[in-house]
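See structure below.
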Amino acid sequence: MKYLIAALLVLAGTCSFVSAQEPYTSDQAEYSIDLPSSQWRVIAERDGSHEHAEFINGERLEGYLQIRKEVVEAGTTPADLARRDMEQKLRFLPGFVEGKEESFRGRLSGVTVSYEFIKTAKPMMGRIYYVQADSRTIYALRFTGSRDKLARIRNQTDLIARSFKLK
């Protein structure tokens, strides 16, 4: 019996370690986020050659994230920017299928849109969180990955977007 209890304690400790959040911040970034696990890692930071940070969840098909700062006209809402991106960029992706737009609440509020597309003959999914920083600044957290894998980590993409905060 005591061996069973010891084994359960070790297992419980391992599970909480695996799901520990990893904070990300950088001197070049104006924000910080919490990454759900050590599987998520930065592959490009904002610097002279990169205008945005990029992250992957193990590999690109498991989950890829770009964070972009969008400077917009005063009065532009996250929903306005989402519709503009849908009309001017996303709908031209091969096999594009528009998903729904939903309101989103985290440390910063906004909207999220999802969509599907085809890349190298593979069914892919995209999910973008548009969060309003101020009247002229909206951040876009752009997640892509294989359709099945990105759908399975929706709780992780939500966690990352909810943790987004300005420094």
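What follows is calculated from the coordinates using simple rules that are stated; it is not laboratory data. Worth saying up front: this structure is predicted, and the values here are computed from it rather than measured. Here Cβ is always computed from backbone atoms with ideal geometry, including for glycine, and neighbour counts include all displayed protein chains.
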Inset, instruction - Using just the alpha carbons, could you tell me how many Å³ per residue the convex hull of the stretch 21-166 encloses? - result: 111
Legend entry - Amide proton proximity set for LYS119, modelled H, under 5 Å, gap of 5+: MET124
Inset, instruction - State to the nearest 20 debye the size of the charge dipole of the stretch 21-166 about its Cα centre, where the only charges are +1 on K and R beta carbons and -1 on D and E beta carbons. - result: 420
Inset, instruction - Within 10 Å, count the other beta carbons around each residue, average over each peptide in 137-145, 69-77, 53-61, and list them highest first. - result: 137-145, 53-61, 69-77
Legend entry - Dipole axis of the stretch 21-166 (+1 Lys, Arg; -1 Asp, Glu on Cβ), positive-most option in LEU93, GLY58, SER26: LEU93
Legend entry - Gain upon complete extension [SER109, VAL72; 0.36 nm per residue less C-alpha separation]: 11.7 nm
Inset, instruction - Give, in nm to one decimal, the length gained when the segment between THR25 and ASP148 is fully stretched (0.36 nm per residue of separation minus the Cα-Cα distance). - result: 41.4 nm
Legend entry - the stretch 54-131: equivalent-ellipsoid semi-axes (sqrt of 5 x gyration tensor eigenvalues, Cα, Å): 22, 16, 11
Legend entry - Two-site FRET efficiency, ARG136 against PHE96, from Cβ-Cβ distance with R₀ of 25 Å, rounded to 0.05: 0.30
